[in-house]
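The values are calculated or read from the model by the stated rules, or taken from the named source; none is laboratory data. Owing to the predicted nature of the structure, the values given are computational and were not obtained by experimental measurement. A quick note on method: Cβ atoms are made from the backbone with ideal geometry, for glycine too, and the neighbour counts reach across all protein chains shown. Accessible surface is based on the protein model in full, side chains and every heavy atom, while ligands, DNA and RNA are left aside. Shrake-Rupley method; radii C 1.70, N 1.55, O 1.52, S 1.80 Å.
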Amino acid sequence: MKNIILLLCLGFVVTSGCKRSGPADPESFEMPYFNQVNIIFRETQIQCLLDHWYAETYKEEQPIVFRVINDVAAYNAFFSCKPGSIVRTIDFSKNSLLVGMKADLGKPVNSPVNIRKMEQNLTQEANGDYLLQVTVTGRQGGSAGGGEWFGFASLVPKIQNDVKLEMKYEFD
């Protein structure tokens, strides 16, 4: 009888120390079509960028719209979808936000669909300017090209020089 009580007590101690898995954190779901480095945007902010794509806000900048954001006004303007929408706080005295997205709704280019991976690599060139290389990996989009939206963002130490964007597409 003592052994049974001891086993029950031990079982209770072991199971009470375990964390129960609750619902997933709404901010931490996997999105291979939106790559983020040193920042985590809310789903509503990512939806805002997608809404800009559907509205063809940046159709003049096809196929990719890219910004180096160094102040709050430019930040709020780029994420201006709904009045009063809240964006993550960024200290622009110390940081720059590099953000871009596909802008070619209705005019697909030869870019991947069913995106499974995106990578970013920022390097400084000899002249002091920067090069941001973004690699998007997915399936070949067929004869019409890729029509799937994607975006990317990086929070980096303050950049005052020019940043060039180089897109690379890899197909499975």
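Cross-link reach is defined here as a Cα-Cα straight distance under 12 Å, omitting same-chain residues fewer than 8 places apart; for Lys164 the aspartates and glutamates meeting it are Glu125, Asp129. Label-to-label distance for Thr44 and Asp162 is 3.8 nm, based on points extended 7 Å past Cα in the beta-carbon direction. What's log10 of I(q)/I(0) for the range 67-126 at q = 0.17, 0.23 Å⁻¹, Debye sum over Cα points only, no solvent? Debye output, listed in q order: -0.86, -1.09.
Computed from the Cβ-Cβ distance with R0 of 30 Å, the FRET efficiency linking Leu122 to Ala55 stands at 0.55.
With both labels modelled 7 Å from their Cα along Cα-to-Cβ, the Thr89 to Ala74 distance reads 2.2 nm. By the compact-protein rule of thumb, 2.2 N^0.38 Å, the alpha-carbon radius of gyration of the range 126-172 corresponds to a ratio of 1.50. Each residue was assigned an accessible area with a 1.4 Å probe, and for Lys94 the value is about 130 Å². According to the calculation over all Cα-Cα pairs in the range 33-155, the P(r) per 10 Å bin from zero is 12, 43, 34, 10, 0 %.
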